[in-house]
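Asker: This is the structure I want to talk about, given as structure tokens.
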Amino acid sequence: MFEFQNPISFLLLLLIPIFFILNHLGVLKKINVALTLGDCNGNSSFSFQSNSLKILSLISRLFGLLAFVLLVVSLANPCRMRRQKIFTSRGSDFIFVLDCSPSMAAKDIDNKTRFQAAKEVIENLSFRLQGNSFGLVAMAEEVALLVPPTTDATYFLKRLGMLEIGELGDGSAIGLGLSSAVYHLTNSTAKQRCVILITDGENNAGSVSPITAAEMVKENSLHLAVIGVGTKGAVPIEYIDATTGKMYSGYLESDFDERKLSVLAQISDGKFLFAQNLNSLEEFLKTFTDQTAENQTYHIKTDVEPLYEKYLFLSMLFIVCNIFIRRIVLKDLL
Amino acid sequence: MIFDKPVFGLLIFLIIPAFLMLIKRLKGLNVLPKSFFKNSSRIKKRIITSFFFNALAWICLCIALTSPYFGQKQVSVQKTGMALSVLLDISHSMETKDFPVNNHSRLYASTEFAKTILKKLPENVPISVVIVKGEGQIAVPLTEDRRAVENFLKIASPQLISTPGSNPAGGILRAAESFPHSIGMSSTILFFTDAEELSGDLYNALLTTVKSGIKIIIVGMGDKNEKEIVTGDGGKAMSALREDALLEKIERVNNINRRSNIQPQVFYVNGGDSSALSRVFNLVLPQREIHDNATILDTEIQSIPRFRLFLFLALIFFILGMLFCQILPDFLGKISLITVIFLSCSSENHNRIQILSGILDYKTQNYNEATAEFLKGEELADLQENSVLKSVSGFNLATTYLVLNENDVAADKFDTIETTDFLNFPLEFNKGIVAHRKGDNISAARHFKNALKIDPSNVDAKINLEIVQSKIPMASSENQQQETQVSESSETSPMTEGIFSLIKEADGKRWQSQQKTSASNSPDY
């Protein structure tokens, strides 16, 4: 929002008409060089004879006027105000368990890979639910907590952006991924603690059964949303392995059994979605988070970004132009 | 004086060609016969005076463009709860085994110290871990997940950052960044270091961080006597706890605060002292912040921007330049008189202006500024023993807190206000609103009734009274419902315990796998 912090300074613009009135009344007088030669009309006001010089004189006056106006604008302290919510109460905790196995590179969600689509909805969600804490567990053959639940959205988004397919090997250790999220949420003081699992596959790695992990979710009173992403059939796939740097491309025969994922949601009294497009994914997460996100108290902090420097710089530029034309081109004395 | 953009100061040198041109023009005038001009010396004087004022104006404009700051002011900031950033110096010198207690390495002693402090802190205090060597890095972002923090502290080592060197300033700035802007918490950095500084500017980093309202506690680790150590590149260097140099920097920063009557914000504790733990704990968690999520009023120090002063001066000099060049002498006297009258305005009503300024800020929703203005107004009224203005400032202050949803602070403030006739009604009315927000509808109803006794015609008070009265019977059952929600003490089963220890191990392994070795010719200790 644009605002002047010192608008009373605009009263100084009244000096412009005052200047013209005083000039007209003859209070302000330029030096008239009284020549001793009688035929030069030395006592009358000087005026340029050449049209180009007349125009230059007019331009220099215009520059002077603009310089003054911009100086007054700078003095009025133009600012851009940014109002920011400062949260004074605890929000909910969300941990995303994101599958980063190579099959997530299948390009079948609205012309995006499953992995890109998942990252996009997570990003949008973290923007929408400011003040809540977000954590990230990356899951493939191995599992890693990349971000513990944090209110530092910048760090969360940076780490999410850095996550690449194939970083943790091939496979999906769903049970271990869920358990890791539970482990890092059990001691949280947030009233609502949620795990959001986004995967496209069956559990085929790790030493913990997904069923056990789902029971742990329920045992610890956490909310669980299970999202199976992707379509069935042959889908194009292309990715660069993060560890070897090799590029893989071809077709993936996608036929994962969503019933196994829905069972996890059933066990933990959670929600399940088989998402085949971005819209349904967004909608589902919106509904889920609306039900689980805490209403937080906050106050508004206003950050002020001063903008006077731009106006002042322009004003000084006009001053320099004005002086250049008057002194160098028109050879004014004063 | 500090300049944000000093490079614009170079524009001042444009005066030099202008000055040379002036000399040339004046010489040009000398060439003409004296009889050519009437009063030629007067014209020269006018030219020189005009140049002088215009040059002054130009200098002022250039200074304004550099964004000058001088002087400091305190700004009141509301904070709820506290956040802590543990900053660990992981440079190679921290591996020296000279910690006075048990001869542990400085780094090991630091992590053990940090763990002990963390165990004593309430669970809802979010913590971040930042590590610093040649550069600072956020290792664990601000989180309540103590498991992630403790798992990291176990594996902290110089191999986690490949950039060689020791840059405590970079660490301080990174730790300050680890507090998100969207949290209104009282922030503290707990820095474990031996104060070996090979790069960066620690003094400026401390100053910048303190100015943004962050408290810094530095815990010195190691022995003050030098010891030969092996550096990261395999060479040898002498290392010790550089306490004196560190204390000198801390003193300089704190002196700046003292000059503005602000409490010091940088503290030093020698980690080897027997009372170090309790001293650090008391500094990390002062008594006032022990209550969960208590709202406190903290102060931030802000440098005062002065560009407007220089712009104003520039404008005056330009006008003076023009007057001396163009205006008639007798008119100058009149202008001067008006200027003197204008400038000699009395400052008797300073506190009224303060309140007015606060109201303007309030109306434009700059509530933090408004709070500061009303606080100053109240202080001034107190000094002048003006009870009416004190009550008005206090009332405005409390109302601002109310708008900011700081109900407890607002309620306390309303209770301390001395009533005057014209404040009786709004005071009772606002007290009613605070009580309602705090869920005490019985008190709210009483306050609205009191307000109606003072002004029976007020419709808003009548409506509010009806609303709170309708909620009184429901209140008790709602409270019962809320109590069941929060604490769920989970007794974990042996299987869950087993899985958790598996994950704990995996987290530790992952951190260790991120260790790197540095390859550089820069000093690395």
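The values are calculated or read from the model by the stated rules, or taken from the named source; none is laboratory data. What you are looking at is a predicted structure, and each value in this text was computed from that prediction instead of being measured. Don't worry about glycine lacking a Cβ; one is built from the backbone with ideal geometry, like all the others, and counts go over all protein chains shown.
Asker: What are the residues in the range A:200-214 that are modelled with pLDDT of 85 or more and more than 31 Å from the chain's Cα centre (by Cα), if any?
Answerer: Result: A:S209, A:P210, A:I211, A:T212, A:A213, A:A214.
Asker: Which condition number does B:E478 fail, the rest of (1) modelled with pLDDT under 75; (2) closer than 30 Å to B:K133 by Cβ being met?
Answerer: Answer for B:E478: the failing condition is (2).
Asker: How many residues are on the phi < 0 side of the Ramachandran plot and at pLDDT 90 or above when one looks only at the range A:65-92? Even if it seems obvious, please write down each step before you answer.
Answerer: Step one: filter the range A:65-92 for residues on the phi < 0 side of the Ramachandran plot, giving A:65-76, A:78-92.
Filter again for at pLDDT 90 or above, leaving A:65-76, A:78-80, A:92.
Residues that pass the stated criteria total 16.
Asker: For the range B:444-459, give me each residue that is assigned to a helix (DSSP H, G or I) and either surrounded by 15 or more Cβ atoms within 10 Å (Cβ to Cβ) or modelled with pLDDT of 80 or more (or both). Full working, then the answer.
Answerer: So in the range B:444-459, the residues assigned to a helix (DSSP H, G or I) come out as B:444-454, B:459.
Scanning the range B:444-459 gives B:A444, B:A445, B:R446, B:H447, B:F448, B:K449, B:N450, B:A451, B:L452, B:K453, B:I454.
Asker: Go through the range B:51-72 and give me each residue that's surrounded by 21 or more Cβ atoms within 10 Å (Cβ to Cβ), among the hydrophobic types (A, V, I, L, M, F, W, C) and in contact with a strand residue (DSSP E or B) (Cβ under 9 Å, 6 or more places away or on another chain).
Answerer: B:I63
Asker: Do the conditions hold for A:E309, that is, is it touching a Lys or Arg at 6+ places or on another chain (Cβ under 8 Å) and over 24 Å from A:V69 (Cα atoms)? Give the derivation first.
Answerer: Working: touching a Lys or Arg at 6+ places or on another chain (Cβ under 8 Å): yes; over 24 Å from A:V69 (Cα atoms): no.
Spelling it out, it is not the case that A:E309 is touching a Lys or Arg at 6+ places or on another chain (Cβ under 8 Å) and over 24 Å from A:V69 (Cα atoms).
Asker: How many of the residues in the range B:126-152 are more than 9 Å from chain A (Cβ to nearest Cβ) and touching a strand residue (DSSP E or B) at 6+ places or on another chain (Cβ under 7 Å)? If you could, list the steps in order and put the result at the bottom.
Answerer: Filtering the range B:126-152 down to residues more than 9 Å from chain A (Cβ to nearest Cβ) leaves B:127, B:129-137, B:139, B:150, B:152.
Still in the running and touching a strand residue (DSSP E or B) at 6+ places or on another chain (Cβ under 7 Å): B:127, B:129-132, B:136-137, B:139, B:152.
Final tally of qualifying residues: 9.
Asker: Filter the range A:91-100 down to the residues that are within 23 Å of the chain's Cα centre (by Cα) and part of a loop (DSSP other than H, G, I, E, B) and list them by number.
Answerer: Taking the range A:91-100 first, the residues within 23 Å of the chain's Cα centre (by Cα) are A:91-96, A:98.
Result: A:G91, A:S92.
Asker: Please specify each residue of the range A:295-309 satisfying the condition of being surrounded by 17 or more Cβ atoms within 10 Å (Cβ to Cβ) and acidic (D, E).
Answerer: A:E309
Asker: Going through the range A:310-326 one residue at a time, which ones are free of Cβ contacts under 8 Å to residues at least 40 places away in the same chain and either facing chain B (nearest Cβ under 8 Å) or among the small types (G, A, S) (or both)?
Answerer: A:F313, A:V320, A:I323
Asker: A further question follows. Give me the residue from the range A:280-294 that is among the acidic types (D, E) and at pLDDT 85 or above and, out of that set, surrounded by the fewest Cβ atoms within 10 Å (Cβ to Cβ). Before you say what the answer is, go through the steps one by one.
Answerer: Here is the first cut: in the range A:280-294, the residues among the acidic types (D, E) are A:282-283, A:290, A:294.
The next check asks that each one be at pLDDT 85 or above; those that pass are A:282-283, A:290.
Values: A:E282: 17, A:E283: 14, A:D290: 10.
Filtering first and then ranking leaves A:D290.
Asker: Give the residue, chosen from A:L145, A:L160, A:L197, A:L136, that is crowded, with 20+ Cβ neighbours inside 10 Å, modelled with pLDDT of 90 or more and outside any strand (DSSP E or B).
Answerer: Values: A:L145 fails: outside any strand (DSSP E or B); A:L197 fails: outside any strand (DSSP E or B); A:L136 fails: outside any strand (DSSP E or B).
Step by step, each of A:L145, A:L160, A:L197, A:L136 is checked, and only A:L160 is crowded, with 20+ Cβ neighbours inside 10 Å, modelled with pLDDT of 90 or more and outside any strand (DSSP E or B).
Asker: Here are some conditions: (1) free of Cβ contacts under 8 Å to residues at least 60 places away in the same chain; (2) facing chain B (nearest Cβ under 10 Å); (3) outside any loop (DSSP other than H, G, I, E, B). A:Q130 meets all but one. Which one does it not meet?
Answerer: Of (1) free of Cβ contacts under 8 Å to residues at least 60 places away in the same chain; (2) facing chain B (nearest Cβ under 10 Å); (3) outside any loop (DSSP other than H, G, I, E, B), only one is false for A:Q130: (3).
Asker: Could you list, in sequence order, all residues of the range A:200-241 that are surrounded by fewer than 17 Cβ atoms within 10 Å (Cβ to Cβ), part of a strand (DSSP E or B) and touching a Leu at 6+ places or on another chain (Cβ under 9 Å)?
Answerer: Of everything in the range A:200-241, those that are surrounded by fewer than 17 Cβ atoms within 10 Å (Cβ to Cβ), part of a strand (DSSP E or B) and touching a Leu at 6+ places or on another chain (Cβ under 9 Å) turn out to be A:A234, A:P236.
Asker: I've got another one for you. Can you report the number of residues in the range A:242-261 which are touching a strand residue (DSSP E or B) at 6+ places or on another chain (Cβ under 8 Å), outside any loop (DSSP other than H, G, I, E, B) and farther than 20 Å from A:E282 by Cβ? Steps first, answer last, please.
Answerer: Our first condition is that a residue be touching a strand residue (DSSP E or B) at 6+ places or on another chain (Cβ under 8 Å); within the range A:242-261, this holds for A:246-256, A:258, A:261.
Filter again for outside any loop (DSSP other than H, G, I, E, B), leaving A:247-254, A:258, A:261.
Cutting the leftovers down to farther than 20 Å from A:E282 by Cβ gives us A:247-254.
Counting residues in the range A:242-261 that are touching a strand residue (DSSP E or B) at 6+ places or on another chain (Cβ under 8 Å), outside any loop (DSSP other than H, G, I, E, B) and farther than 20 Å from A:E282 by Cβ gives 8.
Asker: Taking the range A:163-189 on its own, how many of its residues are within 11 Å of another protein chain (Cβ to nearest Cβ) and either surrounded by 21 or more Cβ atoms within 10 Å (Cβ to Cβ) or closer than 17 Å to A:I227 by Cα (or both)?
Answerer: Summing the residues that are within 11 Å of another protein chain (Cβ to nearest Cβ) and either surrounded by 21 or more Cβ atoms within 10 Å (Cβ to Cβ) or closer than 17 Å to A:I227 by Cα (or both) in the range A:163-189 gives 14.
Asker: Only residues that are without any contact (Cβ under 8 Å) to a residue 40 or more places away in the chain and farther than 19 Å from A:V195 by Cα: list them for the range A:156-166, please. Give the derivation first.
Answerer: Our first condition is that a residue be without any contact (Cβ under 8 Å) to a residue 40 or more places away in the chain; within the range A:156-166, this holds for A:156-159, A:162.
If the condition is that a residue be without any contact (Cβ under 8 Å) to a residue 40 or more places away in the chain and farther than 19 Å from A:V195 by Cα, then A:K158, A:M162 are the ones that fit.
Asker: Further question on the same structure: Run down B:K24, B:K44, B:K79 and say which single residue is modelled with pLDDT under 90 and outside any helix (DSSP H, G or I). First the steps, then the outcome.
Answerer: Working: B:K24 fails: outside any helix (DSSP H, G or I); B:K44 fails: outside any helix (DSSP H, G or I).
Of B:K24, B:K44, B:K79, the one residue that is modelled with pLDDT under 90 and outside any helix (DSSP H, G or I) is B:K79.
Asker: A:Q192: under 35 Å from the mean Cα position of the chain (by Cα), within 14 Å of another protein chain (Cβ to nearest Cβ) and under 23 Å from A:L160 (Cα atoms), yes or no?
Answerer: Spelling it out, A:Q192 is indeed under 35 Å from the mean Cα position of the chain (by Cα), within 14 Å of another protein chain (Cβ to nearest Cβ) and under 23 Å from A:L160 (Cα atoms).
Asker: Output yes when any residue across the range B:86-94 is surrounded by fewer than 23 Cβ atoms within 10 Å (Cβ to Cβ) and away from every other protein chain (no Cβ under 14 Å), and no when none is.
Answerer: At the first step, the residues of the range B:86-94 found to be surrounded by fewer than 23 Cβ atoms within 10 Å (Cβ to Cβ) are none.
Scanning the range B:86-94 turns up no residue that is surrounded by fewer than 23 Cβ atoms within 10 Å (Cβ to Cβ) and away from every other protein chain (no Cβ under 14 Å).
Asker: When you go through (1) surrounded by 24 or more Cβ atoms within 10 Å (Cβ to Cβ); (2) within 14 Å of chain B (Cβ to nearest Cβ) one by one for A:T154, which number turns out not to apply?
Answerer: (1)
Asker: Specify the residue that is nearest to the other protein chains (Cβ to nearest Cβ); the eligible residues are those in the range B:367-387 that are touching a Leu at 6+ places or on another chain (Cβ under 7 Å) and in contact (Cβ under 8 Å) with a residue 40 or more places away in the chain.
Answerer: Across the range B:367-387, the extreme among qualifying residues is B:T371.
Asker: Of the conditions (1) away from every other protein chain (no Cβ under 13 Å); (2) more than 25 Å from the chain's Cα centre (by Cα); (3) of a type outside the set (D, E, K, R), B:A57 clears all except one; give me its number.
Answerer: (1)
Asker: Filter the range A:267-279 down to residues that are part of a helix (DSSP H, G or I) and surrounded by 15 or more Cβ atoms within 10 Å (Cβ to Cβ) and give me whichever is farthest from the other protein chains (Cβ to nearest Cβ).
Answerer: Narrowing the range A:267-279 to residues part of a helix (DSSP H, G or I): A:267, A:278-279.
Pick out the ones that are also surrounded by 15 or more Cβ atoms within 10 Å (Cβ to Cβ) and you get A:267, A:278.
Working: A:I267: 15, A:L278: 27 Å.
The residue in question is A:L278.
Asker: Which members of the range A:102-120 meet the condition of being among the polar types (S, T, N, Q) and part of a loop (DSSP other than H, G, I, E, B)?
Answerer: Narrowing the range A:102-120 to residues among the polar types (S, T, N, Q): A:103, A:111, A:113, A:116.
Selection gives A:N111, A:T113.
Asker: Let me ask something else about it. Can you name the number of the only condition in (1) in contact (Cβ under 8 Å) with a residue 60 or more places away in the chain; (2) crowded, with 18+ Cβ neighbours inside 10 Å; (3) within 14 Å of chain A (Cβ to nearest Cβ); (4) more than 28 Å from B:K509 (Cβ to Cβ) that B:P122 fails?
Answerer: It fails just one condition, (2).
Asker: Same structure again: If you go through the range A:64-95 one residue at a time, how many are of a type outside the set (D, E) and farther than 21 Å from A:L307 by Cα? Spell out the reasoning first.
Answerer: Residues of the range A:64-95 that are of a type outside the set (D, E), as a first pass: A:64-92, A:94-95.
Add one more test, that the residue is farther than 21 Å from A:L307 by Cα, and what stays is A:64, A:85-92, A:94-95.
Total satisfying the criteria: 11.
Asker: Next question. Kindly check whether there is at least one residue in the range A:297-309 that is more than 24 Å from A:C79 (Cα to Cα), facing chain B (nearest Cβ under 10 Å), polar (S, T, N, Q) and outside any helix (DSSP H, G or I).
Answerer: Yes, the range A:297-309 has at least one match.
Asker: Does B:L383 fit the bill of being out of contact with any Lys or Arg (no Cβ under 9 Å at 6 or more places or on another chain) and either within 29 Å of A:M81 (Cα to Cα) or surrounded by 15 or more Cβ atoms within 10 Å (Cβ to Cβ) (or both)? Before you say what the answer is, go through the steps one by one.
Answerer: Values: out of contact with any Lys or Arg (no Cβ under 9 Å at 6 or more places or on another chain): yes; either within 29 Å of A:M81 (Cα to Cα) or surrounded by 15 or more Cβ atoms within 10 Å (Cβ to Cβ) (or both): no.
No: the conditions fail for B:L383.
Asker: Also, I was wondering about something else. Limited to the range A:310-329, what total is found for residues that are surrounded by fewer than 18 Cβ atoms within 10 Å (Cβ to Cβ) and under 29 Å from the mean Cα position of the chain (by Cα)? Give the steps one after another, and end with the answer.
Answerer: Pass one, the range A:310-329, residues surrounded by fewer than 18 Cβ atoms within 10 Å (Cβ to Cβ): A:310, A:313-314, A:317, A:320-321, A:324, A:327-329.
Restricting the remaining residues to those that are under 29 Å from the mean Cα position of the chain (by Cα) gives A:310, A:313.
Selection size over the range A:310-329: 2.
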